[in-house]
Every structure is written in structure tokens, then in C-alpha cells.
Amino acid sequence: ANGVDVASGVSGGVYVSADSGENHLTIKYDANGNRQWVKGTSGSSRGIIVDEGGNVVIATNADGAWNIEKYDSEGSVKWSHHIDRSGQDLGPFGFVRDKYGNISICSCSDSSEHSEMMIMNLDANGFIRYAISLPESGMSPWGPRTYAAASDSDGSIRIAGGAGGSYWTGYNEALILN
């Protein structure tokens, strides 16, 4: 398995998000490095976050669809979402939790017809609070991209990306959404 992301819990535990072939693994270790549990799902790892209660939220991408799952500290599934993005989605990329327990996910998609940036926000129980789609708006051939998300102590979410140009040639414009 290849480790993709890591997060630490309040009790000193460590959570690893890893890919093994076409499957994703979530692994919890205690403060002494002993493996506590392992959970698997299809897709490639896109992120892992842990809250104050030791609950773990993971994001994966399988064939352009997002899988967002929340486990309790013992590894039992609290909720799970499968979000179909029509096979064109490249993310999720940015994956962050704010001080209120809400989870923001950002992504981008490509198809022969259009590109778009997607921002989705879930509450602590996994219900979708809102979803925003920003189409390419004439930035062909590459529309807006999102690559990272962060939250601050005030609970604000910042999303960074680019627009115009391409991954290989660089982007003509930087995007920072607040």
C-alpha cells in the first residue's frame, strides 16, 4: 500500500489514507504505533481528516465519482455518500473541515464539452449544505481548477487553484476563493 495522506487524532493516534491497487485503505494506529483497525473501499485516496472526537472522514475517487465516508473512532461507518460526477471528475482535491464540523470539498472536471470547478459543503452528519459549480466561462481549453483547501480559526474556508492554460504549460490566472 502507498500512503497518500496522514492525519493525527487528539489521543495521539495516527490515521493513514493509502492506496493498494485499485482500492483505498484507511488505517488507524494508536500513539504507540500499533495498528487498531483497517477499512477498505474502492477508489483512490483523495484525503483524510479527523475531528476532536476521533471520527475520521475520508474522500476517494472511483471512476469519476466521489466516495465520502465517516468512521467513528472504533472504525464503524457513521455515514457514507457516493456522489456521481459522470465519470469526468478529477478530484476531489481540496478536502477540509471547519471549526463547526462542516466539510468542504473542491474538485474540477473535464470533458470534451466543458470544464468546471465544483465546491460542495457537507454538515457534520454528512448532509449536503450547498454545492456550487463554476463553469469554464471561455477559458478553453482548460477551465477553472481547484487544488487545495484550508480553514482558519474563524471557520472560513480558502480554496486555491488556477484558470486558463494547462497543467503542463501553467495557468494564466490564480484563483483564491474565500
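FYI, it's all coordinate maths here, none of it is from the lab. Being a predicted model, the structure only gives us computed values, none of them experimental. Neighbour counts are summed over all protein chains in view; Cβ atoms, including those assigned to glycine, are modelled from backbone coordinates with ideal geometry.
With a sphere of radius 12 Å drawn around the Cβ of Asn55, what net charge do the other residues whose Cβ falls strictly inside it have (Lys, Arg +1; Asp, Glu -1)? Counting the neighbours of Asn55, the net charge comes to -1.
Computed extension gain for His81 through Ser11, at 0.36 nm per residue and net of the alpha carbon distance, reaches 22.5 nm.
Tally Lys and Arg at +1 and Asp and Glu at -1 over the other residues with C-beta under 14 Å from the C-beta of Asp19: what net charge comes out? Local charge sum for Asp19: 0.
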